[in-house]
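Taking it in order: structure first as structure tokens, then the write-up.
The values are calculated or read from the model by the stated rules, or taken from the named source; none is laboratory data. Because the structure is predicted, anything quoted here is derived from the model rather than measured. Backbone-built Cβ (ideal geometry, glycine too); neighbour counts: all protein chains shown. The area values use the complete protein model at the heavy-atom level, side chains included, leaving out ligands, DNA and RNA. Shrake-Rupley method; radii C 1.70, N 1.55, O 1.52, S 1.80 Å.
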Amino acid sequence: MRVNFQALTYFLAIANEESITAACEVLHVTQPTVSRQISDLEKDLGVILFERGPRKITLTKEGLLFKRRAEEILSLINKTEKEIMQDSEELEGTISLGGGELRSVDFLATKMAEFQKLHPKVAFDFQTTTSDIIKDQMDKGLMDIGLLLEPIEIDRYNYFRLSVKENWCAMIPAESKLAKKKTISPSDLRNEKFILPRRCIVKNELSSWLGTDITKLDIVASHNLNSNSAVMVSKGIGISLSIETDMIKSFPGIKVIPLKPKLTARTVVAWKKNIPMNAATAKFIEFMREKD
């Protein structure tokens, strides 16, 4: 099976516009050309990608999966083209990074600002997301650098550990009797409902701090970003154990309280092993390691 670049472009245009006519206007090509390419694409794949309705075109189940993969393929192609075409005499290009809602993002942003002053033609594309998504994007070559919270499985990556320490805290509904406490200990949380991070390795570390087997905790919700967890806490769904940030401290309807005994974590700056990287990314990694 051979799928060409043009067919992917036409497919995504129709998927986004939900109309062949509208897609043709965006692409500046004739409708027979686009229709023929999509027909050939569906034959090559052996599946139907679109359901043709009276008012709009929608994606089939197979079409939804193909759309996600097509976006990844085109993103990788565009990224590779930019890296190949970059001027070797003056550092330029886009460095893609990902990280969670962490204190160590401050370190990363500081280094980005310093690096950009030295190399004004370098741009950054930062995505706030989970460690699992960051690792998946790095594995696919769609992200250059990840800021990952430990504990994390990192055998497939090169990395260096930052000196910044992340502090775990308890997010308590403001109306709870626990909101008046200056610190929260494991004994304070007996019989409470929990909102915990989704990653199993992190849940296990938190259950170890609580001194309770993970299966015995009343986990009513999971989250992958602190901001979402804060919203759930403010609605009284449960108590969240999360990384402390300035953002959640100012969130209405909750109280952020330090843990006792203190629980801290470190972060690592990671990148995929044994793959070529553009000059800007390699130089930025070297710059960060020197400055940390």
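If I ask for residues that are in contact (Cβ under 8 Å) with a residue 24 or more places away in the chain and either among the charged types (D, E, K, R) or in contact with a strand residue (DSSP E or B) (Cβ under 9 Å, 6 or more places away or on another chain) (or both), which ones from the range 116-129 would you list? Result: K121, V122, A123, F124, D125, F126, Q127, T128, T129. For L241, indicate whether it is within 14 Å of W168 (Cα to Cα) and open to solvent by less than 30 Å² (accessible area, probe 1.4 Å). When the stated conditions are applied, L241 passes them. Taking the criterion of being surrounded by 15 or more Cβ atoms within 10 Å (Cβ to Cβ) and either free of Cβ contacts under 8 Å to residues at least 12 places away in the same chain or assigned to a helix (DSSP H, G or I) (or both), the only residue of the range 218-227 that qualifies is N226. Starting from residues that are outside any helix (DSSP H, G or I) and among the basic types (K, R), keep the ones in the range 6-64 and report whichever is surrounded by the fewest Cβ atoms within 10 Å (Cβ to Cβ). Residue satisfying both the conditions and the ranking: R55. Of the residues making up the range 254-285, just one is in contact with a helix residue (DSSP H, G or I) (Cβ under 7 Å, 6 or more places away or on another chain), modelled with pLDDT of 95 or more and part of a loop (DSSP other than H, G, I, E, B), namely L263. One residue stands out among those in the range 132-146 that are more than 10 Å from the chain's Cα centre (by Cα) and not in a loop (DSSP other than H, G, I, E, B): the one that is modelled with the highest pLDDT, which is I145. The residues of the range 202-217 that are open to solvent by less than 70 Å² (accessible area, probe 1.4 Å) and either out of contact with any helix residue (DSSP H, G or I) (no Cβ under 9 Å at 6 or more places or on another chain) or assigned to a helix (DSSP H, G or I) (or both), listed by number, are V202, K203, E205, L206, S207, W209, L210, I214.
Filtering the range 151-161 for residues that are assigned to a strand (DSSP E or B) and open to solvent by less than 30 Å² (accessible area, probe 1.4 Å) leaves a non-empty set. Out of all the residues in the range 176-195, is one or more under 23 Å from the mean Cα position of the chain (by Cα) and in contact (Cβ under 8 Å) with a residue 12 or more places away in the chain? There is at least one residue in the range 176-195 that is under 23 Å from the mean Cα position of the chain (by Cα) and in contact (Cβ under 8 Å) with a residue 12 or more places away in the chain. Within the range 244-260, the set of residues being in contact (Cβ under 8 Å) with a residue 12 or more places away in the chain, farther than 19 Å from V164 by Cα and open to solvent by 40 Å² or more (accessible area, probe 1.4 Å) comprises F251, P252, K255, K260.
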